[in-house]
1. Can you tell me which residue within segment 206-224, out of those that are hydrophobic (A, V, I, L, M, F, W, C) and surrounded by fewer than 17 Cβ atoms within 10 Å (Cβ to Cβ), is farthest from ASP169 (Cα to Cα)?
2. Of all residues being open to solvent by less than 100 Å² (accessible area, probe 1.4 Å) and aromatic (Phe, Trp, Tyr) in segment 26-60, which is nearest to GLU103 (Cα to Cα)? Just the residue, please.
3. Please name all residue pairs, on different chains or six or more residues apart, with Cβ atoms under 7 Å, provided the first residue is in segment 213-234 and is on the phi > 0 side of the Ramachandran plot and the second residue is surrounded by 13 or more Cβ atoms within 10 Å (Cβ to Cβ) and modelled with pLDDT of 90 or more.
4. Which of the residues spanning segment 333-349 are without any contact (Cβ under 8 Å) to a residue 12 or more places away in the chain and either open to solvent by 80 Å² or more (accessible area, probe 1.4 Å) or in a loop (DSSP other than H, G, I, E, B) (or both)?
5. Are any residues in segment 368-384 outside any loop (DSSP other than H, G, I, E, B) and either touching a residue at least 24 places away in the same chain (Cβ under 8 Å) or over 13 Å from LEU409 (Cα atoms) (or both), and if so, which ones?
6. Is one or more of the residues making up segment 13-31 at pLDDT below 85 and either charged (D, E, K, R) or under 30 Å from ASP87 (Cβ atoms) (or both)?
7. With the checklist (1) open to solvent by less than 60 Å² (accessible area, probe 1.4 Å); (2) of a type in the set (S, T, N, Q); (3) more than 21 Å from GLY163 (Cβ to Cβ) in hand, flag the one item SER195 doesn't pass.
Amino acid sequence: MKLISCEKLEKSMVELQFSIDAETFKSAVNAAFKREGKKYAIPGFRKGKAPKAMIEKMYGKDLFQYDAVNDLFPENYEAAVKEANIDVVGRPDAEVVSMSEEEGATLKVKVAVKPEVELGEYAGLTVNKDVKTVDEADVDAEIKRMQDRNGRLLTREGAAENGDTVDIDFEGFVDGKAFDGGKAEHYSLVLGSGSFIPGFEEQVVGHAAGENFDVNVKFPEEYQAEELAGKDATFKIKLHEVKYKELPELDDDFAKDVSEYDTLDELKDSIRNGIQANHEKQADQKVENDLIDQVVSNMKAEIPDAMIDSRIEELVQDFHYRISQQGLKLEQYLQYMGMTMDQFKEQFREQADKQVKMRLAMEAIVAKESIEATEEEFEAEIKRIADAYQMEADKVKSLVDAAAVKKDLAVNKAIDFVKSKANIVTAAVEEKKPAKKTTRKTTKKAAAKKEEAKEEPKEEESKGE
């Protein structure tokens with residue numbers, strides 16, 4: 001391989017031109033003929049026995065030459081990239097300039113490269129740190145959740161009340177016909193939970209175990225199953241059992257039973273401290289994000305589309321992995337959400353753009369400040385990964401790219417560097433709670449689908465992305 005030229009183009013694109021010598025190219029053409037020539041039938045010759053010249057005469061002289069180019073391209077392209085000392089970030093777009101067995105081949109390749117970053121201000125930035133104060137209602141709500149978790153379910157004799165748990169069979173009908181997903185047996189439903197469409201649970205209240213009755217409801221106009229939207233429906237119900245929850249008294253004995261604390265006040269203090277610590281963590285994360293946003297807005301870089309597209313693909317693959325852990329395929333998710341793959345990918349574009357810019361900015365700071373990960377930090381990260389996946393540290397080392405791990409650690413240290421040099425103005429703020437919204441689902445099948453599909457693309461702000 002001979003590198004002929006390396007020309008910088010707009011938006012961090014590069015055009016490489018390199019040649020492959022005649023001897024190497026001719027050898028590759030002959031190898032392609034030996035491998036592919038047997039596929040061609042030539043009159044007067046048995047299949048696979050026709051001479052190379054006869055096949056080329058009938059199908060074109062460049063037939064095996066293109067096969068040779070494809071065979072030689074990966075190794076020679078990699079060598080050209082290395083000699084040009086460029087950091088490619090996208091797929092190459094190759095073009096054959098010329099090729100012949102007598103003179104070899106010349107190729108032209110356009111490819112995106114990591115952009116040059118011009119940093120602006122990144123040290124001495126000012127940012128506000130707003131730490132929410134603990135709302136006592138949150139402490140009480142957590143105590144109530146603990147009380148509810150430790151309640152006992154007892155059988156209710158007589159009519160079901162709001163808040164009771166009922167065991168029911170149901171089957172739904174629209175226009176006298178049963179509809180798909182509208183049937184279940186021994187379904188456990190908490191009355192008043194808003195799990196079913198409006199009016200369903202309210203009509204179960206007042207009935208006792210052993211009763212059979214009808215529930216008449218109307219599906220919402222905006223219901224996700226279009227064939228049911230706005231339709232009147234009748235559910236035939238069989239009520240097997242009614243249970244109510246007996247809650248423990250909120251006293252010191254309760255605290256001893258559910259925690260390591262001796263008194264209810266101590267338990268509340270612990271919950272209060274935990275909420276405050278969480279508020280502090282959220283405030284720290286926002287400070288970090290705000291500082292990164294400032295660094296990114298201060299930098300200049302021509303970011304190629306290939307970098308954004310590549311990050312989108314990674315985010316899609318990560319999302320696919322997460323929902324597959326729930327037994328759901330990406331194709332099923334897209335079908336349920338009524339999306340094409342292109343529409344789905346587009347949802348990640350803003351997130352991918354932000355993450356790519358953040359990474360480029362932090363890598364530039366790493367280079368400018370000569371930030372490196374120490375061996376102790378590398379070993380600690382290997383241990384963290386090993387513990388997370390319950391593997392031996394040596395096994396983890398054999399699987400990971402040590403240089404990539406150290407690079408990620410250095411990026412994290414760059415974020416910490418920016419934070420350490422920042423002017424952080426701390427203030428306590430009272431938390432403003434949004435109005436509660438009640439979401440309602442319908443049948444068991446629809447509820448299950450909702451649960452499967454609720455994992456949606458979220459912006460990831462983790463370090464080193």
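1. ALA208
2. PHE33
3. What qualifies is GLY230/PHE219.
4. Correct list: GLN335, GLY338, MET339, THR340, ASP342, GLN343, GLU346.
5. As a first pass, look at segment 368-384 and keep what is outside any loop (DSSP other than H, G, I, E, B): 368-369, 375-384.
Correct list: LYS368, GLU369, GLU377, PHE378, GLU381, LYS383.
6. no
7. All conditions pass for SER195, except number (3).
Condition check ((1) in contact (Cβ under 8 Å) with a residue 24 or more places away in the chain; (2) surrounded by fewer than 17 Cβ atoms within 10 Å (Cβ to Cβ)) across all residues:
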residue: ALA80; (1), (2): yes, no
residue: GLU95; (1), (2): no, yes
residue: GLY104; (1), (2): yes, no
residue: PRO115; (1), (2): yes, no
residue: TYR122; (1), (2): yes, no
residue: VAL139; (1), (2): yes, no
residue: ARG156; (1), (2): yes, no
residue: ASP167; (1), (2): yes, yes
residue: PHE173; (1), (2): yes, yes
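The values are calculated or read from the model by the stated rules, or taken from the named source; none is laboratory data. The model shown is predicted, which means the values in this text are computed figures rather than measured ones. When we count neighbours, we look across all protein chains shown, and the Cβ atoms used for this are built from the backbone with ideal geometry, even at glycine. Surface areas here come from the heavy atoms of the whole protein model, side chains and all, with no ligands, DNA or RNA. Shrake-Rupley method; radii C 1.70, N 1.55, O 1.52, S 1.80 Å.
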